[in-house]
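Okay, so here's the structure we're looking at.
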Amino acid sequence: MGSFQTPIGMRSSNLLETSCGYLLQELQMIWNEVGQDHFEREKVLLDLEQECLEVYRKKVDAANTSRARLHQELAEAEAEFTHLLLSLDERSLPGRPEKMAGTLKEQLDSITPALREMRLRKEERVNQFRTVQGQIQKISAEIAGQSESEYDDLSSDIMVNENDLSLKKLEEYQTELQRLRNEKNERLMRVEQYIDAVHKLSSILGTDSSMVITKVHPSLNDLCGITKNISNSILAKLNSTVESLDEEKQKRLDKLHHLGKALTNLWNLMDTPYKDRQSFSHVTGLLSLSSAEVSDPGSLTLNIIQQAEAEVRRLDHLKASKMKELFFKKQNELKEICNKSHMEIPLQSETDNLINLINSDLLMSMDQQISRAKEEASSRMTIMEKVEKWMLARDEERWLEEYSRDENRYSVSRGAHKNLRRAERARVLVNKIPALVDLLIANTKSWEEERKKTFLYDEVPLLAMLEEYNVLRQEKEEDKQRQREMKKVQSQVAVEQENLFITRPSTSARRTSTRSVNGGFSNAIPLNRRLSLGLQQLGPNSINSGTQGISFIKEGKKARGQKMFARPGLVSHLRDETASVVSTFSGPQSP
């Protein structure tokens, strides 16, 4: 045991001095005894030396290899530890020395526990990621409507990115998982609401709710024992199913409303006692209820509707039989009156027609009339839209005419700018009226040719209204044209009068008045002729009498009356000229 505790250098020298030296001495003694040749001795010693060197070299190479392996293991451990720190997003591990010191084995022994700890942390973190990602895939598959077998195939393919195992990434997955859980819960709530609505509506309509729900998807039935499908398509089908049940509920309620009104009318008509009405009180009780207010189970079943229809038919037949009895009673009364008075009894064909009217189904006839009315209303829709536009344009046209006659429309007052803007819009709309009227006339004629009937608007032919409007519009345009021509003639008369009343300067008042009188009479005839020609151009409706001529001249003089009467010297001259013109117009018109 003591030899193992001796240092390596001393042990090797002792070995040489003891084992090797002793053996060498023993070998030399043998050689001496044998008489070995010196050359042979040197050769054996050289071989021994080479063999010793080879043994030492092998040992050194093995030691180098072991050292390199330790270096590699230490480097790999350091690299793995660093990679784990980065992937787990941790700066360091408590308990691990910051600086490595000592032999390679000591360094490797110091990092091994920390590396083992990091590996355990990584494995735990990977399991957390795999669990969260698996739940995300599962809920996503449920939302997408995939079956459990399809999900099992996907769950085996969960891949965890081991390069990023940080808590931040894990929180992102957990946030996504929470969002999906909320969405799943919301979808489950919507599915439950739809299923509850189906149960309630089916109870009201008297249908099997489990069959309706199973028809949407078998998983929605609790008896199946499988996970409920909460995909978008299933939600859409459930919504469509609830809407169809609501529509069926409304349709049945409308039918019962119609039957209830019919029953009430027939009961009132035939004075049905209250006791006989009680059997259908559940039908008449629905008359005041809307669809949302009807919630009693079995209140809208097909059996109730069929019973109500049968009762209405029975009462209709009873009413018809009573009407026939009343009719025959009246007929007998008519015959007695005719026989007593020796009058002619009405033809039997007329009586038969009345009986046929009683036997006919008036309700069916009314439904046919309603159907025809709806079809005709649909064909009139396009024309009616244009008529509404035309009515609106006419209102704007009337407003624009009143606005144009307002002399204060350009005054600075409150709201004047709004009226100006409305007038601009009204002019644009009014300018479109002729084209709109022409299009309406064309469409209306086409409709009448197709239907072989007159298009009536509030019991008045629309074409007559449009044509009358065109005539009135044409008359208004002609009126405006005549007014413009009259204004033109008035301005011309005013200019002539102004030229007529201009006087030259004179030293004698008598010569001025004489010249004025002579000039007045001499100029009266040409002025009268010009006025006659202008009035003839305007037509006989413009000015037809001497009185109208006087008023026409007064209007022409009004513009310059103030200027004329401001000059006192011309008063007598103005009177003479006016008398001349009046005397001319009071007589026959000049050629």
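See the values below:
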read-out	value
Pairs from K389/K453; K386/K453; K261/K319 whose Cα-Cα separation, in the structure shown, is over 22 Å	K389/K453
Ratio Rg/Rh, restricted to region 166-227 and using Cα atoms, in which Rh is the Kirkwood radius	1.25
DSSP-loop trypsin sites (Lys or Arg not before Pro) across region 413-450, with at most 13 other Cβ within 10 angstrom	R414, K432
Cross-link pairs beyond the 31 Å C-alpha cut-off, checked among K251/K374; K58/K122; K249/K374	K58/K122
Accessible surface of Y22 - all protein chains present, 1.4 Å probe, nearest 10 Å²	140 Å²
Estimated distance in nm for a label pair at L86 and E459, the labels positioned 7 Å out from Cα along Cα-to-Cβ	9.6 nm
Paramagnetic label zone (point 7 Å from Cα along Cα-to-C-beta, E162; backbone N under 13 Å) in region 63-84	80-81, 83-84
Kirkwood estimate for region 201-345, i.e. one over the average of 1/r between Cα atoms, Å	19.2 Å
Residue-normalised accessible area of region 175-262, expressed per residue, 1.4 Å probe, Å²	56 Å²
E78-M29 FRET efficiency (beta carbon distance; Förster radius 60 Å; 0.05 resolution)	0.55
Proximal charge balance of T207 [Cβ under 12 Å; K/R count +1, D/E count -1]	+2
Residue-span extension gain [K169 to R314] - 0.36 nm each, minus C-alpha spacing	44.4 nm
Computed FRET value (nearest 0.05) for A442 with R482, which takes r as the C-beta separation and R₀ as 25 Å	0.20
Contour excess over end-to-end distance, with Cα ends at L53 and Y274 and 0.36 nm allotted per residue	66.2 nm
For A423, net neighbour charge (Lys/Arg +1, Asp/Glu -1) across residues whose Cβ lies under 14 Å away	+1
Using a Förster distance of 22 Å, the FRET efficiency for Q250-L302 (Cβ separation, nearest 0.05)	0.90
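The values are calculated or read from the model by the stated rules, or taken from the named source; none is laboratory data. As the structure is a prediction and not an experimental result, all values here were calculated from the model. Every residue, glycine among them, receives a Cβ derived from its backbone with ideal geometry; neighbour counts consider all protein chains shown. Keep in mind that these areas ignore ligands, DNA and RNA; they rest on the heavy atoms of the full protein, side chains included. Shrake-Rupley method; radii C 1.70, N 1.55, O 1.52, S 1.80 Å.
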